[in-house]
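Derivation of every value follows stated rules applied to the coordinates shown; laboratory data play no part. This one's a predicted model, so the numbers in the text were calculated from it and none came from an experiment. No Cβ is skipped: glycine too gets one built from the backbone with ideal geometry, and neighbour counts run over all protein chains shown.
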Amino acid sequence: MGHRLLSKSDTGYLSPREVVNRINAVFAYVEASEDEGREHVRDVVAQLQSMMKEGAIPQDRQYLAHLKRVQDQAIYVYFGDNPGAENECLGTAIIPGEPILFDYASPEHEQAARHILERCAIVLGYDINEA
């Protein structure tokens, strides 16, 4: 249960800072944290290394190197129109050169946040795909 935003542009993905700036221009409530972004990427690297070691996924040292290289540029952002309506807010890590992934706490969250997802895709110029 999730979605990802994919770049439509041949030039690739916007920088994390530009993504946050555009989100900030459209939504009433935005919290962004570089520390949480770095921590998220470190957690993803640790999980991938563990899964690779166990043989659950193929080795991809290039991708791990990419994540380690960009981890200090990642930003975690949480946004919406009303912070009191948690089901109508979204949160994700913005990682340089990567699609933006959104997971939902429940089917109700996914439905309630759909308009937030759609506005986010529009302001970024990205396409919405099922994750």
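Whole-Hz Karplus values for the stretch 84-97 come out as x, 9, 4, 5, 10, 10, 10, x, 6, 8, 9, 10, x, x Hz, taken residue by residue from phi with 6.51 cos²θ - 1.76 cosθ + 1.60 and θ = phi - 60°; glycine and proline positions read x.
So how do Ser33, Ser106 line up by other beta-carbon neighbours within 10 Å, fewest first? By the 10 Å Cβ count, ascending, the order reads Ser106, Ser33. Peptides 67-80, 11-24 ordered by packing proxy, namely the average of other Cβ atoms within 10 Å per residue, highest first: 67-80, 11-24.
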